[in-house]
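Read the structure below first, then the notes.
The values are calculated or read from the model by the stated rules, or taken from the named source; none is laboratory data. These numbers were taken from a predicted model, which means no experiment stands behind them. Note that we place each Cβ from the backbone using ideal geometry, even for glycine, and neighbour counts take in every protein chain shown.
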Amino acid sequence: MSVSRLYVDADLATGGEAPLGEAQFHYLRHVMRRPDGAPLRLFNGRDGEWRGTFEARGKKAAVALVGERLREQQPEPDVWLCFAPVKRARIDYIAEKATELGAAALQPVLTRHTIVERVNVERLRDNAIEAAEQTERLTVPEVRAPVELARLLAEWPAGRRLLMCDETGGGPPIAEALAGLDHEGRTAPWAILVGPEGGFAEQELALLRRTPDVMAVGLGTRILRADTAALAALACWQALVGDWRHPTPRLEVDYRTAKTAV
Ligand code: SAM
């Protein structure tokens, strides 16, 4: 039987119980037809990964009985992805792929040319949870409500570097910029910013260029779609600054049999 991997809110400790959500109960009981006692793997973003067993409580509720710990919680790169929201299918894709690529937070940013006003944060968070379950992450990225670019920069946390993807040629190639970082630069908290389909407005480019801790970079000669640029920049950052510089650890758990819940 494949082992479903679930993100839960509860603290995890041997002998404890983690309440499962209605959607998780429905998926396990009625889609995967899991009996009581079915094996699970649990994580909550704080306590590492634990073995669990499924136990229904009535017709619509269930808990996971917590067994032994399988993996300790690991430190993860502190990189935010700030992006101008794009249309539904592609913003869901950004949430899913940025989770797989290890983004610590997803921050939709409203800019002059942003064509999407409303962002369904709950749906993005559901996409991120499902991707985190699938990709064996021990955390789920924080998904935030959209914020105007000017406000984001006005409230920018001191010391966090901002890698701004500038399609107007305002910066060096991303590989050159990141490969040249000193120890402080490599160990600082980071964020990546990508503009909307219509690009950054002139005033926005000027504001970004005079904001401390902003580093403008190019992603080659082709103009990438906003979702492509966001994920490409995040992949470059992971390869040159983040945890792609470390060997892929052998996962003790045979994840190939694992399936994820909704
Ligand atoms: N103004 C163009 C347009 O309307 O198609 C470019 C916008 S581009 C689709 C959206 C965002 O992706 C840009 O604001 C930038 O952040 C990023 N981007 C796309 N291609 C890039 C490149 N070659 N170099 C740096 N950033 C790029």
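Quick notes
- Residue, farthest from the ligand (Cβ to nearest atom), within the range 189-203, restricted to residues that are within 22 Å of LEU231 (Cβ to Cβ) and surrounded by fewer than 20 Cβ atoms within 10 Å (Cβ to Cβ): PRO189
- For PRO212, the conditions (1) in a loop (DSSP other than H, G, I, E, B); (2) free of Cβ contacts under 8 Å to residues at least 40 places away in the same chain; (3) within 12 Å of the ligand (Cβ to nearest atom) all hold with the exception of (3).
- Some residue of the range 107-126 being touching a Ser or Thr at 6+ places or on another chain (Cβ under 8 Å), free of Cβ contacts under 8 Å to residues at least 40 places away in the same chain and closer than 23 Å to ASP9 by Cβ: no
- Residue in the range 97-105 that is of a type in the set (A, V, I, L, M), out of contact with any strand residue (DSSP E or B) (no Cβ under 9 Å at 6 or more places or on another chain) and either assigned to a strand (DSSP E or B) or within 25 Å of MET164 (Cβ to Cβ) (or both) present: no
- SER4 meets each of the listed conditions (1) within 16 Å of the ligand (Cβ to nearest atom); (2) buried (at least 23 other Cβ atoms within 10 Å of the Cβ) apart from (1).
- Residue in the range 170-188 that is modelled with the lowest pLDDT, counting only those that are closer than 18 Å to CYS82 by Cβ and within 12 Å of the ligand (Cβ to nearest atom): GLY170
- Residue in the range 236-259 that is farther than 30 Å from ARG51 by Cβ, modelled with pLDDT of 95 or more, among the aliphatic types (A, V, I, L, M) and within 11 Å of the ligand (Cβ to nearest atom) present: no
- Any hit, the range 128-149, residues being more than 16 Å from ILE91 (Cβ to Cβ), surrounded by 14 or more Cβ atoms within 10 Å (Cβ to Cβ) and within 16 Å of the ligand (Cβ to nearest atom): yes
- Test result for HIS30, in a helix (DSSP H, G or I), of a type outside the set (Asp, Glu) and in contact (Cβ under 8 Å) with a residue 60 or more places away in the chain: no
- Of all residues in the range 156-173 being closer than 20 Å to LEU106 by Cβ and touching a strand residue (DSSP E or B) at 6+ places or on another chain (Cβ under 8 Å), the one that is surrounded by the most Cβ atoms within 10 Å (Cβ to Cβ): LEU163
- Any chance ALA226 is farther than 18 Å from TRP244 by Cβ, within 11 Å of the ligand (Cβ to nearest atom) and under 23 Å from the mean Cα position of the chain (by Cα): yes
- Any hit, the range 70-81, residues being under 21 Å from the mean Cα position of the chain (by Cα), over 15 Å from ALA230 (Cα atoms) and in a helix (DSSP H, G or I): no
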